[in-house]
């Protein structure tokens, strides 16, 4: 697949690689999330977030999240892992402005989140493509909704489709695509409006292992290019370690942060990093927090 640089791309200062326009000589560096660029858009702060739901039968209340606090720097790639029911998806919806917490708040770039905002894109486990729109039209859906300039974003959409290997399918309809191709279309749709933050709720969970690995590599390549803030929900510990700067380990009953693990792998990453003992050790550290035996 040919490399494609998004044009024109509003590239933020790289919080991890020394300088701008680095040569390959210093391309792989150790990540220090604590030194991420604080001047760029995309900072997320969850402060004492508590979320309580009424049970379906109306017989009581369930606390999905309890006093959860976490800070995410601009340009960081963060994964949320934990057992089902620990509130990962609920936290993501609060960050997206789709839910309001019972107590506490989420603040993005200094402004409390009260409703959805254009600077935040969200991608779900299912691609949610409109069957009557072709691939290009589905990617351009946010542009149509927001009323953005069409010609510029059509060119951007085509560049994104080229980046994810779908240039030849821009006129195809969702029923003509594989599951992986549909998710790549959904990813392009999230990126086309150039959000500062991308929230991803198990976007590759329903895919086979080979397609999932390929999309992980494509996601990393796009992230290296655009350096968005990404919050990624997954049940796959290996996937979380491979993708992330830090992994937020959550516990349940009620949902809360149990640990935050910094991934000690250099960037950029390749599948060869899965052979690194640091990768394996990080997986087992997270497994121990989750109570999974070696």
Next on the checklist: Looking at the range 267-283, can you tell me whether even one residue there is over 20 Å from residue 74 (Cα atoms), surrounded by 16 or more Cβ atoms within 10 Å (Cβ to Cβ) and touching a strand residue (DSSP E or B) at 6+ places or on another chain (Cβ under 6 Å)?
Outcome noted: no
Item to check | Every residue from the range 225-246 that is surrounded by fewer than 17 Cβ atoms within 10 Å (Cβ to Cβ) and either in a loop (DSSP other than H, G, I, E, B) or at pLDDT below 90 (or both) | outcome: 225, 235
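For the structure I just gave you, tell me whether residue 92 is touching a helix residue (DSSP H, G or I) at 6+ places or on another chain (Cβ under 6 Å) and closer than 15 Å to residue 197 by Cβ.
no
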Checklist entry - Do you know which of the residues in the range 105-131 that are free of Cβ contacts under 8 Å to residues at least 40 places away in the same chain, assigned to a loop (DSSP other than H, G, I, E, B) and out of contact with any strand residue (DSSP E or B) (no Cβ under 8 Å at 6 or more places or on another chain) is farthest from residue 215 (Cα to Cα)? => result 114
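Would you point out which residue out of 158, 175, 150 is closer than 26 Å to residue 213 by Cα, out of contact with any strand residue (DSSP E or B) (no Cβ under 9 Å at 6 or more places or on another chain) and without any contact (Cβ under 8 Å) to a residue 24 or more places away in the chain?
Selected residue: 158, the only one of 158, 175, 150 that is closer than 26 Å to residue 213 by Cα, out of contact with any strand residue (DSSP E or B) (no Cβ under 9 Å at 6 or more places or on another chain) and without any contact (Cβ under 8 Å) to a residue 24 or more places away in the chain.
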Item to check | Test: residue 205 is surrounded by fewer than 16 Cβ atoms within 10 Å (Cβ to Cβ) and closer than 30 Å to residue 91 by Cβ | outcome: yes
Checklist entry - Counting only residues that are within 17 Å of residue 123 (Cβ to Cβ) and either in a loop (DSSP other than H, G, I, E, B) or without any contact (Cβ under 8 Å) to a residue 12 or more places away in the chain (or both), how many does the range 134-147 have? => result 2
Checklist outcome for this item: From the option list 66, 115, single residue qualifying as at pLDDT 90 or above and closer than 23 Å to residue 258 by Cα is 66
Next on the checklist: Any residue at all in the range 93-104 that's part of a strand (DSSP E or B) and either in contact (Cβ under 8 Å) with a residue 60 or more places away in the chain or within 28 Å of residue 224 (Cβ to Cβ) (or both)?
Outcome noted: no
Next on the checklist: Yes or no: the range 182-194 includes at least one residue that is more than 20 Å from the chain's Cα centre (by Cα) and either part of a loop (DSSP other than H, G, I, E, B) or in contact (Cβ under 8 Å) with a residue 24 or more places away in the chain (or both).
Outcome noted: no
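The values are calculated or read from the model by the stated rules, or taken from the named source; none is laboratory data. This one's a predicted model, so the numbers in the text were calculated from it and none came from an experiment. Every residue, glycine as well, gets a Cβ built from its backbone with ideal geometry; the counts of neighbours run over all protein chains shown.
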